[in-house]
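A quick write-up on the structure given underneath.
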Ligand SMILES: C[S@@+](CC[C@H](N)C(=O)[O-])C[C@H]1O[C@@H](n2cnc3c(N)ncnc32)[C@H](O)[C@@H]1O
């Protein structure tokens, strides 16, 4: 076999290995693997959360930008954080009006958030995100969790697999 064929086969396997690893490696830093939220579900969630034009929206772990695209139709201040470079780049290309940040959302300042969208995992990961949200955000901030109910917050609305929360007020 020629050297060129060997090089092409090696590159092919490296690319396939990277694509498979990229789906799951966010789990190593404490986040969910990749799975996009259907656009219709995002639209329903944003309607339920009543996202407004002047409000700041975050998708923590924005994937390829489904939620950012829908949120940009309603708000002028849409931000996404994604740790995986290829998905970050795709989201940046697709969600032109949004600010798409490459990085770990646990290290992102979210103190300006009005609405936060998460599609992560129930239990340890969401508990860690909730702790961050409780420490950094205002009491009016709404949290949308897709598929996974979260603990330690006040459920204000739900529809199918969409759950909307606010912080529990301390008395
Ligand atoms: C289930 S997908 C949801 C994607 C998108 N939010 C959506 O609903 O279509 C979870 C995403 O979070 C990203 N992610 C996981 N942990 C992360 C972290 N610590 N910081 C930034 N992104 C993270 C993953 O790479 C993946 O793209």
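The values are calculated or read from the model by the stated rules, or taken from the named source; none is laboratory data. The structure presented is a predicted model; accordingly, all values stated were derived computationally and were not measured. All Cβ positions, even for glycine, are placed from backbone atoms using ideal geometry, and neighbour counts span all protein chains on display.
Annotation: of all residues in the stretch 154-170 being within 20 Å of residue 47 (Cβ to Cβ) and assigned to a loop (DSSP other than H, G, I, E, B), the one that is nearest to the chain's Cα centre (by Cα) is 161.
Let's see how each residue does on (1) more than 22 Å from residue 41 (Cα to Cα); (2) touching a helix residue (DSSP H, G or I) at 6+ places or on another chain (Cβ under 9 Å):
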| position | (1), (2) |
| --- | --- |
| 93 | no, no |
| 97 | no, yes |
| 104 | yes, yes |
| 115 | no, yes |
| 119 | no, yes |
| 128 | yes, yes |
| 135 | yes, no |
| 141 | no, yes |
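Of all residues in the stretch 20-36, those being in contact (Cβ under 8 Å) with a residue 40 or more places away in the chain and either crowded, with 21+ Cβ neighbours inside 10 Å or over 16 Å from residue 162 (Cβ atoms) (or both) number 8. Scanning the stretch 128-137 for residues that are touching a residue at least 24 places away in the same chain (Cβ under 8 Å), over 12 Å from the mean Cα position of the chain (by Cα) and either loosely packed, with under 14 Cβ neighbours inside 10 Å or closer than 24 Å to residue 85 by Cα (or both) yields 128, 132. Within the stretch 58-77, the residues that satisfy the criterion of being farther than 18 Å from residue 38 by Cβ and either assigned to a loop (DSSP other than H, G, I, E, B) or touching a helix residue (DSSP H, G or I) at 6+ places or on another chain (Cβ under 6 Å) (or both) are 60, 75, 76. Looking across the stretch 107-124, the residues that are at pLDDT 95 or above and either buried (at least 21 other Cβ atoms within 10 Å of the Cβ) or within 13 Å of the ligand (Cβ to nearest atom) (or both) come down to 107, 108, 110, 113, 115, 116, 117, 118, 119. Once the stretch 37-57 is narrowed to residues that are out of contact with any helix residue (DSSP H, G or I) (no Cβ under 8 Å at 6 or more places or on another chain) and in a loop (DSSP other than H, G, I, E, B), the residue that is surrounded by the most Cβ atoms within 10 Å (Cβ to Cβ) is 55. Could you check, for the stretch 131-144, whether at least one of its residues is in a loop (DSSP other than H, G, I, E, B) and under 18 Å from residue 38 (Cα atoms)? No, that holds for no residue.
Within the stretch 63-82, does at least one residue satisfy the condition of being near the ligand (Cβ under 10 Å from one of its atoms), touching a residue at least 60 places away in the same chain (Cβ under 8 Å) and crowded, with 16+ Cβ neighbours inside 10 Å? No, the stretch 63-82 has no match at all.
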